[in-house]
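Working notes, structure below.
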Amino acid sequence: MDWQARFGRPPRYAGVSTFAHVPAATSPDGLDVAVFGVPCDSATTYRSGARHAPAAIRAVSGLLREYHPWWRVAPFEALRVGDLGDVPVVPAYVDETLRAVRDWTAGVVEAGAFPMAMGGDHSVTLPLVRAVAARHGTLSLVQFDSHPDTWDTEHGQRHGHGTWVRRAVEEGLIDPAASVQVGIRGSVDAAGDLDEARALGLRLIPMDEAAEIGVAAVVARVRETVRSPVYVTLDIDAADPSCAPGTGTPEVGGFSAREMLALVRGLRGLPIVGFDVVEVCPAFDPGQITALLAANLMYEMLCLLASRG
Ligand code: MN
Ligand code: MN
């Protein structure tokens, strides 16, 4: 018997927690989009706690409704979306966790599903990109972030949340000339830090420049930089701490929530093959506003995918 058909659906704040009430999936087979959590923060270097982000994002995603008037799509009708649960990461063991994320994501892309991940700290994007590049070839990276994440090591270690971009370039997973980092700002360790990021060949759009030229011009620059296929990673610290305080390494002077929505909408039509939202840290998230922004940005991406039919 279909219990829900018999008794009806509970209110949006209730029910078993999956992302936006999509069905819980035990396999990516048959899904167009597999949403999953990567509950790890062992590679954070400042405030930890992003391991709790997937649960927090699911909890606030219950209000996301069926139809998006701006996109004019009903994403859950247009796409088979399932919540695959959380990757079995290994707390405190970064290398083992990266392997687990890579294997999981490989299974998702081999099944033909679009991987949509909720971090976790930003170290998880490296294994996500490893798996997606193994399927689609060298990727264009679109990174929204206040940090370039291009250090060689952190505390002597090669796999932190601030080193993954350099690893991805070294491994040939991303084409730096077709990749762009948006929203870079804040203090750095030394005068040459951003030059080192640029020396990798990625296009940087620092926050000061983005504020000066405006979101529409930022979007235009992103679109003229990337080539197919595109991987989009969204470090929630790209947003200003006034609308995203719940994050591990906050930097003041970022994008508003509305600008973040516009940035994702600006990617419309691009051949995006993978997406993650990372660095949400619920312990520092009064009113759950950071998790709410993350959930809505995921919803925007789902609508983008739905809009391409
Ligand atoms: Mn960051
Ligand atoms: Mn980052």
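Quick look at the numbers
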| item | result |
| --- | --- |
| Region 193-198 - phi-based ³J(HN,Hα) in whole Hz, Karplus 6.51/-1.76/1.60, Gly and Pro as x | 4, 6, 5, 5, 5, 5 |
| Pair ALA92, ALA55: separation of 7 Å Cα→Cβ label points (nm) | 1.9 nm |
| Length added when fully stretched, ARG158-ALA14, from 0.36 nm per residue minus Cα-Cα | 47.6 nm |
| Residues in region 21-49 reached by a label modelled at MET1 [backbone nitrogen below 15 Å; 7 Å Cα→Cβ] | none |
| Mean separation of Cα contacts under 8 Å (6+ apart) over length of the chain, as relative contact order % | 21 percent |
| Cβ charges +1 (Lys, Arg) and -1 (Asp, Glu), total dipole of region 107-221, debye | 380 debye |
| Hull volume in cubic angstrom per residue (convex hull over the Cα atoms of the chain) | 123 Å³ |
| Test item: Cα-centred dipole of region 28-307, Lys/Arg +1 and Asp/Glu -1 on Cβ, debye | 720 debye |
| Peptide ranges 230-236, 105-111, 37-43 listed from the most packed, as the mean C-beta count within 10 angstrom indicates | 230-236, 37-43, 105-111 |
| Choice from ASP152, ASP121, ASP195 showing the highest fluctuation, given a GNM over the chain with Cα pairs closer than 10 Å | ASP195 |
| Inter-centroid distance (Cα atoms) of region 5-54 relative to region 252-297, Å | 16 Å |
| For region 94-141 and region 187-245, distance of Cα centres in Å | 21 Å |
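Every number here is computed from the coordinates shown, using simple stated rules; none is lab data. Please read all numbers here as calculations on a predicted model, not as lab measurements. Neighbour counts run over all protein chains shown; Cβ positions are idealised from the backbone, glycine included.
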